[in-house]
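To keep things clear, I will list the structure first and then write my remarks on it.
Derivation of every value follows stated rules applied to the coordinates shown; laboratory data play no part. The structure displayed is predicted, hence computed values, not measured ones. Every residue, glycine among them, receives a Cβ derived from its backbone with ideal geometry; neighbour counts consider all protein chains shown.
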Amino acid sequence: MRKKIKKIFLTGIAAIIPLGLTIYILLFIIGIMNKLVKIIPARFHPDNLLPFHVPGLDLIIAAVFIFIVGLIVKSYVGNKMVALGEDMVSRIPLVNGIYKAIKKLVDAIFSEQNNSFKQVVLIEYPRKGLYSVAFVTGESRGEVQWKTEQKCINLFVPTTPNPTSGFYIMVPESDVINLDMTVEEAFRLIISGGIISPEDMPDNNGDKDK
């Protein structure tokens, strides 16, 4: 009886964890989108203009707003406006560094080319004997490289289940283990907390690796 209860309990966990992580990520995204709606003055908010409440209206408005912003930025005029705004931000001390770091990270995650994350690697972190998946962001340069005895590379070690946060570390190139998985596969592995491993991911023919 005890084994049967344990088996049912573990089956429940196996079903809840993927669903729970998916809901967590969706709620995180929805929370950000809902905050975008707050920029609309209260008197112009649809809930105050319509005689009835529409469920999910905030989410729809946020999605439409994001889509419109995307169209504007894609246009020639919008692109110039963004460049002008970034130039103004680059002249503000402290804000400049924060903005550039966040922008590079977001571009790396959402860019179609994903050029910022060049390679997926394994490193012994946070201590010897424990391994973490990391992304190579480039070679260490300048003073930080000159003062180290070995050639180092820049790595971003993401956190689970939110890979937009993590740690920047410099590791000797000889201590890095290169992986064959793609950046996209690595993100799925990290977001799922290891539930979805590369062996479970469909290959180009839609079949699972054996």
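Please report, for the Cα atoms of the range 155-195, the Rg to one decimal and the Dmax as a whole number; what are they, in angstrom?
Answer for the range 155-195, Rg first and Dmax second: 11.1, 29 Å.
Quote to one decimal, in nm, the extra length available between Val77 and Ile16 on full extension: 0.36 nm per residue of separation minus the C-alpha distance between them.
17.3 nm
What is the dipole size for the range 119-200, taken about its Cα centre, with +1 at each Lys and Arg Cβ and -1 at each Asp and Glu Cβ, in debye to the nearest 20?
Dipole magnitude for the range 119-200 comes out near 320 debye.
Please report the net charge: other residues with Cβ closer than 12 Å to the Cβ of Gln145, K and R +1, D and E -1.
-1
Which distance in nm do the two modelled labels at Arg127 and Ile5 give, with both placed 7 Å along the Cα-to-Cβ direction?
It works out to 3.6 nm between the two label points.
Students often check this: by mean Cβ neighbours within 10 Å, which of 117-129, 87-99 ranks highest, and how do the rest follow? Please report the intermediate quantities before stating the final value.
Details: 117-129: 14.6, 87-99: 10.8.
Top to bottom by mean Cβ count within 10 Å: 117-129, 87-99.
To make sure I understand, if each residue's beta carbon is the centre and we count other beta carbons within 10 Å, what order do Ile153, Ile72, Ile196 fall in, fewest to most?
Ordered by Cβ neighbours within 10 Å, fewest first: Ile72, Ile196, Ile153.
Any chance you could list P(r) for the range 119-200, counting all Cα-Cα pairs in 5 angstrom bins from zero, rounded to whole %?
3, 15, 25, 25, 17, 8, 4, 2, 0
Among Lys128/Lys151; Lys100/Lys128; Lys80/Lys151; Lys100/Lys151; Lys6/Lys128, which pairs are too far apart, with a Cα-Cα distance over 28 Å?
Long pairs (Cα-Cα over 28 Å): Lys100/Lys128; Lys80/Lys151; Lys6/Lys128.
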